[in-house]
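Comments concern the structure below.
The values are calculated or read from the model by the stated rules, or taken from the named source; none is laboratory data. The shown structure was predicted, so the numbers you read here are calculated from the model rather than taken from an experiment. Heads up, the Cβs are rebuilt from the backbone with ideal geometry, glycines too, and the neighbour counts pull from every protein chain shown. Accessible surface is based on the protein model in full, side chains and every heavy atom, while ligands, DNA and RNA are left aside. Shrake-Rupley method; radii C 1.70, N 1.55, O 1.52, S 1.80 Å.
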Amino acid sequence: MNISSTVCALSTPVGTGGIAVIRVSGGSAFPICQKILKNKGKKLSERPSHQAFFSDIIDSTSGELLDQGLILPMKGPGTFTGEDTVEIDCHGGMYICRRILETLVQAGCSMAQPGEFTKRAFLNGKLDLTQAEAIMDMIDAGTRYSLKAASSQLKGRLLLEADELRNELLSMLVDIEVNIDYPEYDDLPEISDDDIQQKSMDINQRIKKLLVTADSGIRLREGLSTAIIGLPNVGKSSLLNRLLREERAIVTNIPGTTRDIVSEMADLQGLPVRLIDTAGIRETGDLVESLGVKRSFDAIEKSDLVLFVSDREFLLEEELKLLQSIGSKTWFFLINKTDTLQHEKASLEAILQKLSEEKLPLPRRVIHISALTGEGIDELTEEIRETFFSEDVLEKDMPLVTNLRQKEALIRASEALDRVTSSAGMPQDLLSIDLHEAADALGDLTGKSARDDVITQIFSRFCLGK
Ligand SMILES: Nc1nc2c(ncn2[C@@H]2O[C@H](COP(=O)(O)OP(=O)(O)OP(=O)(O)O)[C@@H](O)[C@H]2O)c(=O)[nH]1
Ligand SMILES: [Mg+2]
(Lines give C-alpha, C1' and ligand atoms only; values in the text may rest on other atoms or scores of the structure.)
(Ligands and ions follow the chains in the order given, each with its own letter.)
Protein backbone atom coordinates (compact mmCIF):
# COMPACT_ATOMS: atom_id res chain seq x y z
CA MET A 1 0.00 0.00 0.00
CA ASN A 2 1.27 3.41 -0.93
CA ILE A 3 0.05 5.78 1.74
CA SER A 4 0.93 8.84 -0.31
CA SER A 5 -1.66 7.88 -2.92
CA THR A 6 -5.28 8.97 -2.82
CA VAL A 7 -7.79 6.14 -2.72
CA CYS A 8 -11.49 5.75 -3.33
CA ALA A 9 -14.04 3.04 -2.58
CA LEU A 10 -17.71 2.39 -2.22
CA SER A 11 -18.33 2.42 1.53
CA THR A 12 -21.89 1.14 1.48
CA PRO A 13 -22.78 -2.44 0.44
CA VAL A 14 -22.64 -3.34 -3.22
CA GLY A 15 -26.15 -3.47 -4.66
CA THR A 16 -29.03 -1.20 -5.47
CA GLY A 17 -30.19 1.10 -2.68
CA GLY A 18 -31.59 4.57 -2.11
CA ILE A 19 -28.22 6.13 -1.45
CA ALA A 20 -24.62 5.00 -1.75
CA VAL A 21 -21.56 6.58 -0.14
CA ILE A 22 -18.26 6.77 -1.99
CA ARG A 23 -15.31 7.73 0.11
CA VAL A 24 -12.12 9.38 -1.17
CA SER A 25 -9.10 9.77 1.13
CA GLY A 26 -5.56 11.05 0.65
CA GLY A 27 -3.44 14.11 0.02
CA SER A 28 -5.09 14.83 -3.36
CA ALA A 29 -8.67 14.08 -2.34
CA PHE A 30 -9.78 17.71 -2.80
CA PRO A 31 -8.16 18.45 -6.21
CA ILE A 32 -9.24 15.06 -7.59
CA CYS A 33 -12.85 15.40 -6.48
CA GLN A 34 -12.87 18.98 -7.76
CA LYS A 35 -12.51 17.53 -11.27
CA ILE A 36 -15.74 15.53 -11.04
CA LEU A 37 -17.92 18.23 -9.47
CA LYS A 38 -19.83 20.98 -11.19
CA ASN A 39 -21.55 23.66 -9.15
CA LYS A 40 -21.65 27.39 -8.75
CA GLY A 41 -20.10 27.55 -5.28
CA LYS A 42 -16.54 27.79 -4.02
CA LYS A 43 -13.79 25.31 -4.75
CA LEU A 44 -13.61 22.29 -2.45
CA SER A 45 -10.43 23.45 -0.75
CA GLU A 46 -12.00 26.81 0.09
CA ARG A 47 -15.17 25.41 1.57
CA PRO A 48 -15.66 24.97 5.31
CA SER A 49 -14.62 21.51 6.46
CA HIS A 50 -17.29 18.99 7.53
CA GLN A 51 -20.11 20.86 5.77
CA ALA A 52 -22.05 19.11 3.04
CA PHE A 53 -23.19 20.83 -0.13
CA PHE A 54 -25.18 19.83 -3.18
CA SER A 55 -23.48 19.37 -6.52
CA ASP A 56 -23.66 17.82 -9.97
CA ILE A 57 -21.28 14.91 -10.37
CA ILE A 58 -19.74 14.70 -13.83
CA ASP A 59 -17.38 12.54 -15.83
CA SER A 60 -13.99 14.22 -15.44
CA THR A 61 -13.02 13.83 -19.09
CA SER A 62 -16.26 14.15 -21.09
CA GLY A 63 -18.11 16.44 -18.69
CA GLU A 64 -21.19 14.18 -18.96
CA LEU A 65 -23.59 14.43 -16.00
CA LEU A 66 -23.42 11.19 -13.98
CA ASP A 67 -25.52 12.05 -10.94
CA GLN A 68 -26.33 14.70 -8.38
CA GLY A 69 -25.56 14.33 -4.72
CA LEU A 70 -24.31 15.66 -1.42
CA ILE A 71 -20.60 16.24 -1.12
CA LEU A 72 -18.91 16.30 2.27
CA PRO A 73 -15.35 17.64 2.26
CA MET A 74 -13.37 16.99 5.46
CA LYS A 75 -9.93 18.38 6.08
CA GLY A 76 -7.26 16.14 7.67
CA PRO A 77 -6.17 15.42 10.32
CA GLY A 78 -9.64 15.70 11.86
CA THR A 79 -10.98 12.77 9.83
CA PHE A 80 -11.25 9.02 10.29
CA THR A 81 -8.10 8.32 8.26
CA GLY A 82 -6.34 11.48 9.38
CA GLU A 83 -6.11 12.52 5.70
CA ASP A 84 -8.17 14.92 3.61
CA THR A 85 -11.36 13.03 2.88
CA VAL A 86 -14.37 13.62 0.65
CA GLU A 87 -17.57 11.64 0.99
CA ILE A 88 -19.86 11.56 -1.98
CA ASP A 89 -23.50 10.67 -1.25
CA CYS A 90 -24.87 9.67 -4.62
CA HIS A 91 -27.89 7.67 -5.73
CA GLY A 92 -27.51 4.00 -4.93
CA GLY A 93 -27.54 2.50 -8.42
CA MET A 94 -24.76 0.04 -9.18
CA TYR A 95 -24.12 1.60 -12.59
CA ILE A 96 -23.94 5.14 -11.19
CA CYS A 97 -21.49 4.08 -8.49
CA ARG A 98 -19.30 2.27 -10.96
CA ARG A 99 -19.17 5.30 -13.28
CA ILE A 100 -18.29 7.65 -10.42
CA LEU A 101 -15.54 5.33 -9.20
CA GLU A 102 -14.21 5.02 -12.77
CA THR A 103 -14.06 8.74 -13.24
CA LEU A 104 -12.36 9.18 -9.86
CA VAL A 105 -9.69 6.71 -10.99
CA GLN A 106 -9.31 8.61 -14.28
CA ALA A 107 -8.91 11.79 -12.27
CA GLY A 108 -6.01 10.28 -10.27
CA CYS A 109 -7.38 8.02 -7.51
CA SER A 110 -6.47 4.41 -6.90
CA MET A 111 -9.08 1.90 -5.80
CA ALA A 112 -8.74 1.23 -2.08
CA GLN A 113 -7.74 -2.23 -0.85
CA PRO A 114 -10.09 -3.94 1.61
CA GLY A 115 -9.65 -2.34 5.01
CA GLU A 116 -7.42 0.37 3.60
CA PHE A 117 -9.23 3.31 5.19
CA THR A 118 -8.81 1.71 8.59
CA LYS A 119 -5.20 0.82 7.82
CA ARG A 120 -4.55 4.44 6.94
CA ALA A 121 -6.18 5.51 10.17
CA PHE A 122 -3.77 3.18 11.98
CA LEU A 123 -0.69 4.33 10.05
CA ASN A 124 -1.62 7.95 10.69
CA GLY A 125 -1.89 7.26 14.42
CA LYS A 126 -5.65 7.69 14.63
CA LEU A 127 -6.25 4.15 15.88
CA ASP A 128 -4.22 1.37 17.46
CA LEU A 129 -4.37 -2.20 16.21
CA THR A 130 -6.97 -3.36 18.73
CA GLN A 131 -9.24 -0.50 17.72
CA ALA A 132 -8.75 -1.18 14.02
CA GLU A 133 -9.77 -4.79 14.63
CA ALA A 134 -12.71 -3.62 16.70
CA ILE A 135 -14.13 -1.71 13.76
CA MET A 136 -14.39 -4.92 11.73
CA ASP A 137 -15.84 -6.70 14.75
CA MET A 138 -18.49 -4.01 15.25
CA ILE A 139 -19.57 -4.44 11.64
CA ASP A 140 -19.66 -8.23 11.99
CA ALA A 141 -21.24 -8.37 15.43
CA GLY A 142 -24.51 -10.28 15.35
CA THR A 143 -25.56 -10.27 18.99
CA ARG A 144 -25.85 -7.87 21.90
CA TYR A 145 -22.82 -9.18 23.80
CA SER A 146 -20.57 -9.41 20.72
CA LEU A 147 -21.31 -5.78 19.97
CA LYS A 148 -20.53 -4.86 23.57
CA ALA A 149 -17.17 -6.65 23.36
CA ALA A 150 -16.30 -4.91 20.09
CA SER A 151 -17.25 -1.48 21.38
CA SER A 152 -15.13 -2.04 24.48
CA GLN A 153 -12.18 -2.54 22.09
CA LEU A 154 -13.09 0.53 20.11
CA LYS A 155 -13.15 2.60 23.27
CA GLY A 156 -9.59 1.35 23.73
CA ARG A 157 -10.07 -0.50 27.02
CA LEU A 158 -7.51 -3.19 26.19
CA LEU A 159 -5.20 -0.70 24.52
CA LEU A 160 -5.11 1.56 27.58
CA GLU A 161 -4.30 -1.31 29.91
CA ALA A 162 -1.67 -2.81 27.56
CA ASP A 163 -0.11 0.62 27.03
CA GLU A 164 0.06 1.31 30.73
CA LEU A 165 1.75 -2.03 31.42
CA ARG A 166 4.14 -1.48 28.56
CA ASN A 167 5.05 1.99 29.83
CA GLU A 168 5.85 0.54 33.23
CA LEU A 169 8.13 -2.00 31.59
CA LEU A 170 9.78 0.69 29.47
CA SER A 171 10.34 2.85 32.48
CA MET A 172 12.05 -0.08 34.23
CA LEU A 173 14.19 -0.70 31.16
CA VAL A 174 15.21 2.93 31.08
CA ASP A 175 16.32 2.73 34.71
CA ILE A 176 18.29 -0.45 34.04
CA GLU A 177 19.97 0.89 30.91
CA VAL A 178 20.93 4.09 32.65
CA ASN A 179 22.35 2.14 35.59
CA ILE A 180 24.47 0.11 33.22
CA ASP A 181 25.52 2.66 30.63
CA TYR A 182 26.01 5.71 32.82
CA PRO A 183 27.18 4.53 36.24
CA GLU A 184 28.97 7.85 36.76
CA TYR A 185 25.71 9.79 37.05
CA ASP A 186 24.99 9.22 40.77
CA ASP A 187 22.02 11.57 40.79
CA LEU A 188 20.04 9.26 38.50
CA PRO A 189 17.54 6.94 40.20
CA GLU A 190 18.76 3.38 40.63
CA ILE A 191 16.55 0.38 40.40
CA SER A 192 17.22 -2.48 42.80
CA ASP A 193 16.98 -6.18 41.94
CA ASP A 194 14.06 -6.47 44.34
CA ASP A 195 12.25 -3.63 42.60
CA ILE A 196 12.64 -5.38 39.28
CA GLN A 197 11.23 -8.61 40.66
CA GLN A 198 8.33 -6.95 42.45
CA LYS A 199 7.34 -4.80 39.49
CA SER A 200 7.63 -7.70 37.04
CA MET A 201 5.35 -9.79 39.21
CA ASP A 202 2.80 -7.00 39.52
CA ILE A 203 2.74 -6.46 35.78
CA ASN A 204 2.52 -10.18 35.12
CA GLN A 205 -0.42 -10.40 37.50
CA ARG A 206 -2.28 -7.77 35.53
CA ILE A 207 -1.48 -9.50 32.23
CA LYS A 208 -2.85 -12.75 33.63
CA LYS A 209 -6.01 -10.93 34.63
CA LEU A 210 -6.43 -9.84 31.02
CA LEU A 211 -5.80 -13.39 29.82
CA VAL A 212 -8.64 -14.67 32.00
CA THR A 213 -11.04 -12.75 29.75
CA ALA A 214 -9.65 -14.32 26.57
CA ASP A 215 -11.77 -17.48 26.36
CA SER A 216 -15.07 -15.66 26.79
CA GLY A 217 -13.88 -12.68 24.74
CA ILE A 218 -12.86 -14.81 21.77
CA ARG A 219 -16.15 -16.71 21.98
CA LEU A 220 -18.05 -13.43 21.88
CA ARG A 221 -16.28 -12.58 18.68
CA GLU A 222 -16.30 -15.94 16.94
CA GLY A 223 -19.32 -17.63 18.50
CA LEU A 224 -19.27 -20.73 20.69
CA SER A 225 -18.77 -23.66 18.36
CA THR A 226 -21.49 -26.18 19.19
CA ALA A 227 -22.16 -29.53 17.51
CA ILE A 228 -25.62 -31.11 17.78
CA ILE A 229 -25.22 -34.87 17.54
CA GLY A 230 -27.23 -38.00 18.12
CA LEU A 231 -28.87 -40.94 16.37
CA PRO A 232 -31.18 -40.29 13.41
CA ASN A 233 -34.64 -38.88 14.07
CA VAL A 234 -34.10 -37.77 17.68
CA GLY A 235 -34.86 -34.12 16.82
CA LYS A 236 -31.44 -32.53 16.17
CA SER A 237 -32.61 -30.40 13.26
CA SER A 238 -35.75 -29.47 15.17
CA LEU A 239 -33.53 -28.21 17.99
CA LEU A 240 -31.40 -26.19 15.59
CA ASN A 241 -34.51 -24.59 14.12
CA ARG A 242 -35.88 -23.87 17.59
CA LEU A 243 -32.62 -22.17 18.68
CA LEU A 244 -32.44 -20.16 15.45
CA ARG A 245 -36.15 -19.35 15.66
CA GLU A 246 -36.45 -20.19 11.97
CA GLU A 247 -36.95 -23.22 9.76
CA ARG A 248 -33.38 -23.55 8.62
CA ALA A 249 -32.86 -27.32 8.55
CA ILE A 250 -35.27 -29.83 7.03
CA VAL A 251 -37.23 -31.81 9.59
CA THR A 252 -39.09 -35.03 8.75
CA ASN A 253 -39.99 -38.19 10.59
CA ILE A 254 -37.74 -40.16 8.25
CA PRO A 255 -34.48 -41.16 9.96
CA GLY A 256 -31.47 -39.93 7.97
CA THR A 257 -33.06 -36.66 6.81
CA THR A 258 -30.01 -34.49 7.42
CA ARG A 259 -27.25 -35.65 5.09
CA ASP A 260 -24.80 -32.77 5.25
CA ILE A 261 -23.96 -30.52 8.12
CA VAL A 262 -25.80 -27.22 8.51
CA SER A 263 -23.98 -24.43 10.33
CA GLU A 264 -25.62 -21.22 11.51
CA MET A 265 -24.92 -18.48 14.06
CA ALA A 266 -27.65 -18.30 16.69
CA ASP A 267 -28.30 -15.42 19.04
CA LEU A 268 -29.08 -17.04 22.40
CA GLN A 269 -30.22 -14.14 24.56
CA GLY A 270 -27.36 -12.02 23.28
CA LEU A 271 -24.73 -14.77 23.15
CA PRO A 272 -23.35 -15.80 19.76
CA VAL A 273 -23.44 -19.58 19.34
CA ARG A 274 -22.34 -21.24 16.12
CA LEU A 275 -24.60 -24.28 15.85
CA ILE A 276 -23.67 -27.23 13.70
CA ASP A 277 -26.49 -29.64 12.93
CA THR A 278 -25.11 -33.01 11.92
CA ALA A 279 -26.35 -36.09 10.16
CA GLY A 280 -27.76 -38.62 12.60
CA ILE A 281 -25.03 -41.12 13.24
CA ARG A 282 -25.69 -44.77 12.36
CA GLU A 283 -24.17 -47.60 10.34
CA THR A 284 -25.32 -47.07 6.77
CA GLY A 285 -24.72 -48.48 3.31
CA ASP A 286 -25.83 -45.20 1.72
CA LEU A 287 -22.77 -43.37 0.42
CA VAL A 288 -24.15 -39.85 0.78
CA GLU A 289 -25.34 -40.55 4.30
CA SER A 290 -22.05 -42.14 5.32
CA LEU A 291 -20.15 -39.09 4.07
CA GLY A 292 -22.49 -36.99 6.19
CA VAL A 293 -21.72 -39.20 9.17
CA LYS A 294 -18.00 -38.69 8.64
CA ARG A 295 -18.53 -34.94 8.65
CA SER A 296 -20.47 -35.26 11.87
CA PHE A 297 -17.36 -36.66 13.51
CA ASP A 298 -15.27 -33.79 12.12
CA ALA A 299 -17.81 -31.34 13.55
CA ILE A 300 -17.50 -32.92 16.98
CA GLU A 301 -13.76 -32.54 16.83
CA LYS A 302 -13.90 -28.83 16.01
CA SER A 303 -16.52 -27.89 18.58
CA ASP A 304 -16.24 -26.41 22.07
CA LEU A 305 -19.55 -27.92 23.14
CA VAL A 306 -21.38 -31.05 22.08
CA LEU A 307 -25.15 -31.22 22.48
CA PHE A 308 -25.95 -34.90 22.53
CA VAL A 309 -29.62 -35.38 21.74
CA SER A 310 -31.61 -38.49 22.56
CA ASP A 311 -35.33 -39.15 22.63
CA ARG A 312 -35.17 -41.95 25.12
CA GLU A 313 -34.49 -42.33 28.80
CA PHE A 314 -32.04 -45.13 28.18
CA LEU A 315 -28.95 -45.38 26.04
CA LEU A 316 -28.71 -47.65 23.05
CA GLU A 317 -25.56 -49.54 22.20
CA GLU A 318 -25.04 -47.24 19.20
CA GLU A 319 -25.31 -44.19 21.41
CA LEU A 320 -22.67 -45.51 23.76
CA LYS A 321 -20.38 -45.95 20.77
CA LEU A 322 -21.08 -42.42 19.62
CA LEU A 323 -20.29 -41.05 23.06
CA GLN A 324 -16.83 -42.56 22.85
CA SER A 325 -16.03 -40.16 20.02
CA ILE A 326 -16.71 -37.14 22.25
CA GLY A 327 -13.47 -37.71 24.12
CA SER A 328 -12.80 -35.00 26.65
CA LYS A 329 -15.18 -32.41 25.11
CA THR A 330 -17.71 -30.72 27.30
CA TRP A 331 -21.10 -32.19 26.49
CA PHE A 332 -24.69 -31.70 27.52
CA PHE A 333 -27.13 -34.60 27.50
CA LEU A 334 -30.41 -33.36 26.05
CA ILE A 335 -33.39 -35.64 26.43
CA ASN A 336 -35.75 -34.42 23.74
CA LYS A 337 -39.47 -34.86 23.09
CA THR A 338 -40.42 -34.37 26.73
CA ASP A 339 -43.90 -33.52 25.47
CA THR A 340 -44.44 -37.19 24.70
CA LEU A 341 -42.06 -38.89 27.14
CA GLN A 342 -42.83 -40.00 30.63
CA HIS A 343 -39.89 -39.02 32.81
CA GLU A 344 -38.70 -41.01 35.66
CA LYS A 345 -35.77 -39.73 37.58
CA ALA A 346 -34.59 -43.22 38.34
CA SER A 347 -33.90 -43.98 34.71
CA LEU A 348 -31.72 -40.88 34.44
CA GLU A 349 -29.63 -42.13 37.30
CA ALA A 350 -29.44 -45.44 35.50
CA ILE A 351 -28.06 -43.64 32.47
CA LEU A 352 -25.36 -41.94 34.48
CA GLN A 353 -24.56 -45.23 36.17
CA LYS A 354 -24.25 -46.90 32.77
CA LEU A 355 -21.88 -44.18 31.53
CA SER A 356 -19.65 -44.62 34.56
CA GLU A 357 -19.59 -48.36 34.09
CA GLU A 358 -18.60 -47.96 30.47
CA LYS A 359 -15.92 -45.44 31.53
CA LEU A 360 -17.50 -42.86 29.23
CA PRO A 361 -17.26 -39.14 29.93
CA LEU A 362 -20.14 -37.81 32.04
CA PRO A 363 -22.23 -34.95 30.72
CA ARG A 364 -21.73 -31.51 32.25
CA ARG A 365 -25.50 -31.08 32.29
CA VAL A 366 -28.60 -33.18 31.71
CA ILE A 367 -31.52 -31.15 30.42
CA HIS A 368 -34.98 -32.25 29.42
CA ILE A 369 -36.19 -30.35 26.39
CA SER A 370 -38.86 -30.32 23.76
CA ALA A 371 -37.76 -28.90 20.44
CA LEU A 372 -41.42 -28.93 19.50
CA THR A 373 -42.86 -26.86 22.37
CA GLY A 374 -39.71 -24.99 23.43
CA GLU A 375 -39.68 -26.48 26.90
CA GLY A 376 -36.21 -26.49 28.49
CA ILE A 377 -34.70 -24.17 25.87
CA ASP A 378 -34.28 -21.29 28.34
CA GLU A 379 -32.57 -23.66 30.74
CA LEU A 380 -30.24 -24.80 27.96
CA THR A 381 -29.35 -21.18 27.13
CA GLU A 382 -28.75 -20.45 30.79
CA GLU A 383 -26.44 -23.45 31.15
CA ILE A 384 -24.46 -22.44 28.05
CA ARG A 385 -24.04 -18.96 29.47
CA GLU A 386 -22.93 -20.24 32.85
CA THR A 387 -20.51 -22.83 31.45
CA PHE A 388 -18.82 -20.86 28.67
CA PHE A 389 -19.13 -17.13 29.26
CA SER A 390 -17.71 -15.37 32.28
CA GLU A 391 -20.28 -13.17 33.99
CA ASP A 392 -17.66 -10.43 34.50
CA VAL A 393 -16.86 -10.33 30.79
CA LEU A 394 -20.55 -10.16 29.89
CA GLU A 395 -21.74 -7.61 32.39
CA LYS A 396 -18.77 -5.47 33.45
CA ASP A 397 -17.13 -2.76 31.43
CA MET A 398 -13.59 -4.11 31.51
CA PRO A 399 -10.68 -4.56 29.10
CA LEU A 400 -11.27 -7.71 27.06
CA VAL A 401 -9.11 -9.94 24.92
CA THR A 402 -11.21 -10.81 21.89
CA ASN A 403 -8.92 -12.51 19.42
CA LEU A 404 -6.11 -14.98 19.17
CA ARG A 405 -3.54 -12.40 18.11
CA GLN A 406 -4.09 -10.40 21.28
CA LYS A 407 -4.11 -13.54 23.40
CA GLU A 408 -0.84 -14.78 21.93
CA ALA A 409 0.87 -11.42 22.44
CA LEU A 410 -0.20 -11.43 26.10
CA ILE A 411 0.97 -15.01 26.59
CA ARG A 412 4.36 -14.05 25.12
CA ALA A 413 4.60 -11.10 27.50
CA SER A 414 3.58 -13.19 30.48
CA GLU A 415 6.04 -15.96 29.68
CA ALA A 416 8.86 -13.44 29.36
CA LEU A 417 7.97 -12.05 32.79
CA ASP A 418 7.83 -15.59 34.22
CA ARG A 419 11.42 -15.94 33.04
CA VAL A 420 12.38 -12.70 34.82
CA THR A 421 10.95 -14.14 38.04
CA SER A 422 12.69 -17.46 37.64
CA SER A 423 16.01 -15.67 36.95
CA ALA A 424 15.94 -13.63 40.16
CA GLY A 425 19.48 -12.77 41.26
CA MET A 426 20.88 -12.63 37.72
CA PRO A 427 22.55 -9.44 36.47
CA GLN A 428 20.16 -6.70 35.44
CA ASP A 429 21.31 -6.57 31.84
CA LEU A 430 20.37 -10.22 31.49
CA LEU A 431 16.92 -9.62 32.95
CA SER A 432 16.47 -6.70 30.63
CA ILE A 433 16.40 -9.10 27.64
CA ASP A 434 13.19 -10.68 28.90
CA LEU A 435 11.75 -7.36 30.02
CA HIS A 436 12.34 -6.14 26.49
CA GLU A 437 10.62 -9.22 25.10
CA ALA A 438 7.60 -8.52 27.33
CA ALA A 439 7.45 -4.87 26.26
CA ASP A 440 7.80 -5.91 22.61
CA ALA A 441 4.95 -8.38 22.94
CA LEU A 442 2.71 -5.71 24.48
CA GLY A 443 3.83 -3.35 21.73
CA ASP A 444 2.78 -5.92 19.15
CA LEU A 445 -0.63 -5.97 20.75
CA THR A 446 -1.14 -2.28 20.13
CA GLY A 447 1.15 -2.00 17.12
CA LYS A 448 4.02 -0.05 18.63
CA SER A 449 7.71 -0.84 18.43
CA ALA A 450 9.29 -1.07 21.82
CA ARG A 451 12.90 -0.34 20.85
CA ASP A 452 12.22 3.09 19.37
CA ASP A 453 10.24 4.16 22.38
CA VAL A 454 12.92 3.16 24.88
CA ILE A 455 15.36 5.36 23.01
CA THR A 456 12.94 8.28 22.87
CA GLN A 457 12.19 7.94 26.56
CA ILE A 458 15.85 7.82 27.51
CA PHE A 459 16.46 11.11 25.78
CA SER A 460 13.34 12.75 27.10
CA ARG A 461 13.99 11.81 30.71
CA PHE A 462 17.73 12.41 30.93
CA CYS A 463 19.71 15.02 29.10
CA LEU A 464 22.46 12.59 28.17
CA GLY A 465 23.88 14.78 25.43
CA LYS A 466 25.36 17.38 27.80
N1 LIG B 1 -43.21 -34.76 19.87
C2 LIG B 1 -42.05 -34.27 19.50
N3 LIG B 1 -41.56 -34.54 18.28
C4 LIG B 1 -40.36 -34.01 17.92
C5 LIG B 1 -39.64 -33.17 18.81
N6 LIG B 1 -38.48 -32.81 18.18
C7 LIG B 1 -38.52 -33.39 16.96
N8 LIG B 1 -39.65 -34.11 16.79
C9 LIG B 1 -40.02 -34.89 15.61
O10 LIG B 1 -39.07 -35.92 15.40
C11 LIG B 1 -38.89 -36.16 13.99
C12 LIG B 1 -37.43 -36.04 13.63
O13 LIG B 1 -37.00 -34.70 13.82
P14 LIG B 1 -35.67 -34.12 13.13
O15 LIG B 1 -35.45 -32.78 13.73
O16 LIG B 1 -35.75 -34.22 11.66
O17 LIG B 1 -34.61 -35.17 13.68
P18 LIG B 1 -33.06 -35.28 13.33
O19 LIG B 1 -32.39 -35.72 14.57
O20 LIG B 1 -32.55 -34.03 12.71
O21 LIG B 1 -33.07 -36.47 12.28
P22 LIG B 1 -31.97 -36.82 11.12
O23 LIG B 1 -31.68 -35.58 10.37
O24 LIG B 1 -32.71 -37.83 10.35
O25 LIG B 1 -30.79 -37.40 11.82
C26 LIG B 1 -39.78 -35.14 13.30
O27 LIG B 1 -40.99 -35.77 12.95
C28 LIG B 1 -40.02 -34.08 14.35
O29 LIG B 1 -41.22 -33.38 14.15
C30 LIG B 1 -40.20 -32.89 20.10
O31 LIG B 1 -39.64 -32.20 20.95
N32 LIG B 1 -41.40 -33.48 20.39
MG1 LIG C 1 -31.73 -33.67 10.93
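Summary of values
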item: Heavy-atom SASA rank of S263, S55 (probe 1.4 Å, accessible area, largest first); result: S263, S55
item: Cβ charges +1 (Lys, Arg) and -1 (Asp, Glu), total dipole of the chain, debye; result: 1860 debye
item: Share of pairwise Cα separations in the range 7-122, more than 16 Å, in percent; result: 55 percent
item: Full-stretch length increase - E415, R144 - with 0.36 nm per residue and alpha-carbon distance subtracted; result: 94.2 nm
item: By average C-beta atoms within 10 angstrom, highest first, the peptides 41-49, 251-259, 123-131; result: 123-131, 251-259, 41-49
item: Part-to-part distance (alpha-carbon centres) for the range 372-393 and the range 150-185, which is given in Å; result: 40 Å
item: Simple label model, 7 Å out from Cα along Cβ direction - L316 to T340, nm; result: 1.4 nm
item: Percentage, to the nearest whole number, of Cα pairs in the range 219-389 over 21 Å apart; result: 43 percent
item: Cut-off 15 Å between beta-carbons: net charge of the residues surrounding K40, Lys and Arg +1, Asp and Glu -1; result: +2
item: For the chain, the spread of Cα positions along each principal axis, largest first, Å; result: 83, 76, 38
item: Segment S423-L372, extension gain: residue separation times 0.36 nm, minus the distance between their alpha carbons; result: 12.2 nm
item: Protein accessible area in the range 119-232, 1.4 Å probe - carbon and sulfur %; result: 51 percent
item: Theoretical gain in end-to-end length, N39 to Q198 [0.36 nm per residue, Cα-Cα removed]; result: 50.5 nm
item: Listed residues I250, I96 arranged by accessible area, highest first, probe 1.4 Å; result: I250, I96
item: Accessible heavy-atom area order of L341, L442, highest first, probe of 1.4 Å; result: L341, L442
item: Entries of K359/K407; K43/K126; K38/K155; K119/K329; K294/K396; K302/K354 with Cα pairs more than 31 Å apart; result: K359/K407; K38/K155; K119/K329; K294/K396
item: Solvent accessible area, Å² - H91, 1.4 Å probe, full protein context; result: 90 Å²
